[in-house]
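The values are calculated or read from the model by the stated rules, or taken from the named source; none is laboratory data. Small disclaimer: the values here were computed from a predicted structure and weren't measured. So basically every Cβ, Gly included, is an ideal-geometry build from the backbone, and we count neighbours across all protein chains shown.
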Amino acid sequence: MVKKSEFVWNSIASLVASMLNAILLLFCTRINGTDIAGMFSIAFATSVILNAIGDYGIRIYQVTDSKRNYKFGEYIALRIVVVSIMLAIGIAFVVISGYDTTKLLITILLVLFRVIDNLSETYQGEFQVHGRLDLGGKSVVIRNGIAMIMFLIADIITKNIVISCTVMFLTNLLIFLLFDIRLIKKFNQDKVIFTKDVIINMLKECFPVFLSTILSLYITNAVKYAIDSVSTYEMQTYYNIIYLPTFTINLASIFIIKPMLKVLGDIWNEKKYKEMQKVIAKISGLILIVTLLVEIVCFAIGTQILSFIYGVELNKYRIDLCLLVLSGGFYALTVLFLYVLTTMRKQTKATIGYVITSIFALILPKMLVQKYNMLGASISNIVINLVLLIILLGSFCISYKKVEYSD
């Protein structure tokens with residue numbers, strides 16, 4: 001069973017991590033203006049997409065690896081390999097894209113920030129395996145919380161976004177060294193184990209989850225890139241602001257799903273299929289309830305609150321805000337079924353769904369944003385996430401029935 005302290009600290013950590021973009025965007029908009037904030041937003045979105053390379057689905061595999069097929073030292077070695085690839089691709093991307101110096105440096109610094117997050121994820125996974133998910137939560141809260149504070153202080157003093165991002169990255173690195181690496185010795189004394197054949201096998205096994213994750217992030221950020229391509233930094237800032245309430249839904253789903261990863265793995269491996277059905281139904285129901293509540297609040301006072309917080313006029317975007325909240329509910333459900341299919345080791349089927357949906361995400365947003373501006377962006381989100389949800393739900397139902405009947 002998952003202890004109360006694990007739920008509490010995971011919830012706090014998920015809240016802090018989910019608020020990172022919102023708070024940094026708030027600081028940046030207030031201190032540096034909407035143009036720099038728009039630039040920061042697209043750089044942050046790029047770092048999130050590249051983060052999927054560093055993530056590579058390792059945490060899901062590590063925590064659901066009930067039989068301990070791989071050692072902690074091997075998971076660390078795999079993580080070092082993938083974050084190195086992530087950083088190399090990030091540098092190549094900004095150079096090829098022809099970013100100006102400021103945008104280039106912001107993007108690279110945010111990618112470096114994500115490198116530390118990913119290294120920490122492996123340690124958090126080991127904490128969770130040993131029944132101490134609360135320690136992983138504390139790591140996230142301390143690192144991200146202090147990093148945000150240091151970003152704010154640096155930006156107020158210098159009003160230079162590059163210096164502020166540098167300070168944030170160095171803070172994240174320092175706390176990782178002092179917290180995660182120090183505490184892991186209480187649970188595992190493994191050194192980093194670089195074994196070529198093992199790393200290749202792990203890369204192959206985690207690849208479908210990685211591909212699904214990176215396509216998921218592309219799908220989530222496709223509209224931002226469409227805006228970056230055919231509209232202005234100002235619209236980019238407005239879109240990112242009204243998109244923020246959707247994180248409330250994703251946050252609620254993470255509160256429940258992440259602590260339940262090991263439980264889902266154990267239930268599935270023990271062939272308790274009916275129990276797994278009940279867990280999935282409960283999580284889905286909670287996501288739908290949260291979506292409805294957020295929808296009601298956003299329809300009533302959402303744009304007024306956001307306008308007050310960010311100091312920009314957003315009242316004309318009320319319908320767009322409500323549409324984005326609905327799409328956020330669909331997205332949260334797709335994350336649930338990706339995790340479930342991975343637990344069932346049917347992640348390849350999920351990947352097919354993400355590939356199909358990515359085709360929609362590549363074409364649809366640019367067309368609709370160019371024609372309908374913000375409304376087009378909101379409609380694009382709903383269509384894309386609904387298509388993905390239908391495919392993943394169908395894949396789960398088919399896979400579940402086959403396994404249940406075969407047993």
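Can you confirm whether Val383 is surrounded by 14 or more Cβ atoms within 10 Å (Cβ to Cβ) and under 18 Å from Leu288 (Cβ atoms)? So Val383 fails the test.
Hey, can you tell me all the residues within the stretch 356-379 that are in contact (Cβ under 8 Å) with a residue 12 or more places away in the chain and closer than 15 Å to Tyr317 by Cα? Selection gives Val369, Asn373, Met374, Leu375, Ala377, Ser378, Ile379. With respect to Lys204, determine if the residue is out of contact with any strand residue (DSSP E or B) (no Cβ under 6 Å at 6 or more places or on another chain), outside the structural domain of Ala22 (by TED's automatic domain parsing) and free of Cβ contacts under 8 Å to residues at least 24 places away in the same chain. So Lys204 passes the test. Screening Ile163, Ile146, Ile184 for residues that are assigned by TED's automatic domain parsing to the domain that holds Asp117, within 25 Å of Tyr99 (Cα to Cα) and touching a helix residue (DSSP H, G or I) at 6+ places or on another chain (Cβ under 6 Å) leaves exactly one candidate, Ile163. Scanning the stretch 278-323 for residues that are touching a residue at least 40 places away in the same chain (Cβ under 8 Å) and of a type outside the set (Val, Ile, Thr) yields a count of 12. Looking at the stretch 330-352, can you tell me whether even one residue there is within 26 Å of Ala226 (Cβ to Cβ), among the small types (Gly, Ala, Ser) and assigned to a helix (DSSP H, G or I)? Yes. In the stretch 165-199, what residues are polar (S, T, N, Q) and free of Cβ contacts under 8 Å to residues at least 60 places away in the same chain? Residues satisfying the conditions are Thr166, Thr171, Asn172, Gln189.
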